[in-house]
Amino acid sequence: MSTIFGKIIRRELPADIVYEDDRALAFRDINPAAPTHVLVIPKREITNVGSLDPEDAALAGHLLWVCQQVAAQEGLEDFRVVTNSGAGAGQSVFHLHFHVLGGRRLAWPPG
Ligand code: AMP
């Protein structure tokens, strides 16, 4: 099922894109929770970490590498990568995404 992120991938909806390759896209979160808040998503529609198949392992690893690239591009030495899997964990857009957060001190544990 297509989501709002599918529309961003297809350029039907504008986004502040900071990285793109054949498998991944990264763009700024519309409602940032930190000075840097970028979402890293696969171009292929995958619901969340909970729905990954064994064949998705290389793609999942690639997305984490993109998170590292984005953090470096944003000049972040310390940063957080977080993903919510399921509504009960706070997921609101059901297309896999990693939040890359940084630019301020980040508390732990999250709420
Ligand atoms: P989650 O709650 O983990 O599913 O995260 C979804 C994130 O997508 C939230 O942080 C939203 O602010 C963000 N978001 C929703 N719509 C857009 C959009 N059109 N462009 C950029 N970020 C968005």
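Here are the numbers:
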| quantity | calculated |
| --- | --- |
| Residue among 39, 52 that alone is more than 14 Å from the ligand (Cβ to nearest atom), within 23 Å of residue 90 (Cβ to Cβ) and at pLDDT 95 or above | 52 |
| Subset of region 1-37 (residues that are among the hydrophobic types (A, V, I, L, M, F, W, C), closer than 14 Å to residue 74 by Cβ and not in a strand (DSSP E or B)) | 34 |
| Some residue of region 16-34 being surrounded by fewer than 18 Cβ atoms within 10 Å (Cβ to Cβ), under 22 Å from residue 110 (Cα atoms) and of a type in the set (Val, Ile, Thr) | yes |
| One residue from 47, 83 being near the ligand (Cβ under 8 Å from one of its atoms) and not aliphatic (A, V, I, L, M) | 83 |
| Number of the exception - residue 40 against (1) among the aliphatic types (A, V, I, L, M); (2) in contact with a Cys (Cβ under 7 Å, 6 or more places away or on another chain); (3) surrounded by fewer than 16 Cβ atoms within 10 Å (Cβ to Cβ) | (3) |
| Some residue of region 87-99 being buried (at least 17 other Cβ atoms within 10 Å of the Cβ), more than 15 Å from the ligand (Cβ to nearest atom) and at pLDDT 95 or above | no |
| Residue 64 being outside any strand (DSSP E or B) and touching a residue at least 60 places away in the same chain (Cβ under 8 Å) | no |
| Residues of region 1-36 classified as among the β-branched types (Val, Ile, Thr) and more than 12 Å from the ligand (Cβ to nearest atom), total | 1 |
| Conditions (1) modelled with pLDDT of 95 or more; (2) not in a helix (DSSP H, G or I): number failed by residue 72 | (2) |
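The values are calculated or read from the model by the stated rules, or taken from the named source; none is laboratory data. All figures in this text were calculated on a predicted structure; none of them were measured in a lab. Don't worry about glycine lacking a Cβ; one is built from the backbone with ideal geometry, like all the others, and counts go over all protein chains shown.
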